[in-house]
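Written below as structure tokens is the structure these notes are about.
Values in this text are rule-based calculations from the coordinates and carry no lab data. As the structure is a prediction and not an experimental result, all values here were calculated from the model. Every residue, glycine as well, gets a Cβ built from its backbone with ideal geometry; the counts of neighbours run over all protein chains shown.
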Amino acid sequence: MAATPIPLEAKGIKKRFGDHEVLKGISLQAQKGDVITLIGASGSGKSTFLRCMNLLEQPDEGELIVHNETIGFRATKHGREPADWKQVERIRAKLSMVFQNFNLWSHMTLLENVIEAPVHVLKKTRKQAIDEARALLDRVGLLDRADYFPTQMSGGQQQRGAIARALAMDPEVMLFDEPTSALDPELVGDVLKVMRDLADEGRTMILVTHEIAFARDVSSQVIYLHQGVVEEVGEPADVLDNPRSERLRQFLAPKH
Ligand code: ADP
Ligand code: MG
């Protein structure tokens, strides 16, 4: 019997911008249902790593394997680039990303945002996409906002809408880059609640967050990045409650 495919594996990812090596060989393996949380100071490379995983940036070195499919690269004089952009499209459809700043399309209603990719990428009928979108909006508590434009919604509603849009692709892995960092404090809880439900239902997730209590609750693994290197990795109880390095201790200390 074939082994269950691993949703996402990154091996030795390196990335530089000019002289600055931002990622110095980072690896992770997300098994089905894993919630992997990346923590680290601003500038440590968390966003760049997420962006490399769904090929918004091209890693200079290292390997990416999505659902047992290895991404092919070819060398050019500007560095590596994907060998097959069709493959990139296919991979991106499996890895939905939720950004800090919501990124809903401002000229579309919430419902139109959610059905866009299912209709144009997955080639679903409009009717089917709308039925599914309404069910997703109901799940994130936004069914009554389906016909609103993003500017007519709070940041928390926009972010829950962005999560519904990501879910509409039924992704193999969801990537979240500080999804609550731009929210007013009173709106954070509703977004974390939606994410906790996704974790509970067994979604594979890779998450960058500063919400340490949340990370402790939902993560199967925590990775502490420092200057593009994995400094500590393990279960939340090890990494968050028994940090080995003074640097991580400082990072986790309550801020005044
Ligand atoms: P984090 O998300 O952990 O705050 P980032 O991945 O955004 O860190 O950035 C890591 C480093 O890479 C920073 O020093 C940042 O300035 C640099 N960087 C990120 N993107 C680019 C880019 N497109 N061009 C040049 N430098 C970049
Ligand atoms: Mg970042």
Item to check | the range 90-117 residues that are within 24 Å of Val66 (Cβ to Cβ), paired with ones that are surrounded by fewer than 21 Cβ atoms within 10 Å (Cβ to Cβ) and of a type in the set (Lys, Arg) (beta carbon under 9 Å, 6 or more apart) | outcome: Met97/Arg51; Val114/Arg134
Next on the checklist: Let me spell it out: the conditions are (1) within 11 Å of ligand 2 (Cβ to nearest atom); (2) farther than 24 Å from Glu81 by Cα; (3) not charged (D, E, K, R), and Thr37 meets all of them except one. Which number is the exception?
Outcome noted: (1)
Checklist entry - Inside the range 33-52, can you point out the residues that are farther than 18 Å from Asp217 by Cα and either away from ligand 1 (no atom under 13 Å from the Cβ) or not in a loop (DSSP other than H, G, I, E, B) (or both)? => result Lys46, Ser47, Thr48, Phe49, Leu50, Arg51, Cys52
Checklist entry - Got a sec? Which of Leu23, Leu28, Leu111 is away from ligand 2 (no atom under 16 Å from the Cβ), crowded, with 16+ Cβ neighbours inside 10 Å and under 19 Å from the mean Cα position of the chain (by Cα)? => result Leu28
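Taking into account only those residues within the range 195-215 that are of a type in the set (Val, Ile, Thr) and crowded, with 21+ Cβ neighbours inside 10 Å, which is nearest to the chain's Cα centre (by Cα)?
Among residues in the range 195-215 that are of a type in the set (Val, Ile, Thr) and crowded, with 21+ Cβ neighbours inside 10 Å, the one nearest to the chain's Cα centre (by Cα) is Ile206.
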Checklist entry - Restricting the search to the range 181-222, which residues are in a loop (DSSP other than H, G, I, E, B) and either touching a Gly at 6+ places or on another chain (Cβ under 8 Å) or closer than 17 Å to Leu50 by Cα (or both)? => result Ser181, Ala182, Leu183, Asp184, Gly202, Arg203, Thr209, His210, Ser219, Ser220
